[in-house]
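Report on the following structure.
All of the numbers you see were taken from the coordinates with simple rules; none came from a lab. Every value quoted in this text rests on a predicted model; they were computed, and no experiment measured them. Please note: Cβ atoms are built from the backbone with ideal geometry, for glycine as well, and neighbour counts cover all protein chains shown.
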Amino acid sequence: MSEPDSRPGRGAGAASSLPARTAVVGCGRMGSALLHAALRQGLDVLAGVREPRRRRPGVPPEVAQLTPGQAAAAAELVVLAVPPGEPLRQLAEQLEPVLAGKVVLELSNPAMPRRDMPAPRGPWGPSEAELLARRLPRARVAKALNTVSAKALGPLGPAARGEWPRPSVPVAVDDPAAQRLVCAWVEALGFEAVPAGPLTHARSLEHLAQLLRHIDAQSGRTGLVGCRILRP
Ligand SMILES: NC(=O)c1ccc[n+]([C@@H]2O[C@H](COP(=O)([O-])OP(=O)(O)OC[C@H]3O[C@@H](n4cnc5c(N)ncnc54)[C@H](OP(=O)(O)O)[C@@H]3O)[C@@H](O)[C@H]2O)c1
């Protein structure tokens with residue numbers, strides 16, 4: 001009889017919810033860090049890039065590079081790791097037919113507010129994740145991982161060396177099955193997934209990331225600030 005899998009996210013409850021395959025669309029700093037983290041944990045991942053014939057430097061060689069549409073079509077969970085605003089809007093428009101019925105993970109952080117910029121979206125307005133959900137009415141959109149830095153998660157970071165305390169990753173999503181799927185994947189990556197209520201709570205998650213970035217800036221810009229949520 002085989003031993004139960006004790007790796008994070010592979011416990012009895014989580015295993016059945018783990019997506020069979022995940023597509024990461026957009027393979028810049030965050031997308032490629034996620035691909036490396038997923039490979040380290042033996043997860044099945046695909047890369048979705050605009051020019052799949054040109055090998056992107058950050059994409060691990062073991063990962064298949066496809067167009068965003070091909071990668072999304074072949075996956076149960078689709079992570080959109082592109083900048084918020086116009087790029088995310090365009091990508092949603094392009095992928096809407098293929099994302100129907102899928103779970104889509106949105107992880108963007110709107111730019112830090114500056115004096116010369118309009119007030120950020122937040123509790124008083126829709127989050128990027130909610131805007132995405134309006135554009136993808138047939139998909140189940142979740143927000144998570146925006147509180148984690150690519151530097152911490154990537155191949156040269158403390159997560160790869162096993163030196164990072166397992167940070168908490170709040171997951172905001174409306175659909176319970178989508179929440180189980182995203183939580184299982186986040187746990188399998190090595191985080192503590194924390195169900196954080198409906199997608200409207202993505203507003204708070206975007207603010208939390210801004211707070212963490214501010215704390216990081218005060219701490220010498222290490223890119224390694226994260227959060228732990230204590231629960232009884
Ligand atoms: N960096 C972090 O530490 C971090 C942490 C948490 C969350 N995030 C979030 O992760 C997202 C990506 O950030 P990043 O730092 O990885 O940015 P980045 O290094 O600039 O990478 C952005 C990627 O998006 C791709 N892209 C843009 N428009 C696209 C489209 N229409 N179709 C397909 N791909 C498209 C770009 O592809 P090309 O190379 O072809 O232009 C590029 O690879 C952002 O929403 C950010 O807020 C980042």
(1) among the hydrophobic types (A, V, I, L, M, F, W, C); (2) out of contact with any strand residue (DSSP E or B) (no Cβ under 6 Å at 6 or more places or on another chain); (3) outside any loop (DSSP other than H, G, I, E, B): which one isn't true of V82, the others all being true?
(3)
Identity of the residue in the stretch 44-69, crowded, with 18+ Cβ neighbours inside 10 Å and away from the ligand (no atom under 12 Å from the Cβ), that ends up farthest from E106 (Cα to Cα):
V63
Could you check A152 against (1) outside any loop (DSSP other than H, G, I, E, B); (2) within 22 Å of V104 (Cβ to Cβ) and say which number it fails?
(2)
Being part of a helix (DSSP H, G or I) and either aromatic (F, W, Y) or in contact with a Phe, Trp or Tyr (Cβ under 8 Å, 6 or more places away or on another chain) (or both): is that true of W164 here?
no
State all residues of the stretch 19-37 that are in contact with a Pro (Cβ under 9 Å, 6 or more places away or on another chain) and not in a loop (DSSP other than H, G, I, E, B); if no residue qualifies, say none.
A23, V25, S32, A33, L35, H36, A37
Would you pick out the residues in the stretch 156-184 that are farther than 22 Å from L208 by Cβ and within 14 Å of the ligand (Cβ to nearest atom)?
L156
Any residue in the stretch 212-232 that is under 19 Å from V194 (Cα atoms) sitting within a Cβ distance under 8 Å of a residue that is assigned to a helix (DSSP H, G or I)? List the pairs, counting only those 6 or more apart or interchain.
V225/L212; V225/R213; V225/I215; V225/D216; G226/A152; G226/L212; C227/L208; C227/L212
Filter result (within 16 Å of the ligand (Cβ to nearest atom) and either outside any helix (DSSP H, G or I) or within 20 Å of K102 (Cα to Cα) (or both)) within the stretch 200-219
A202, S219
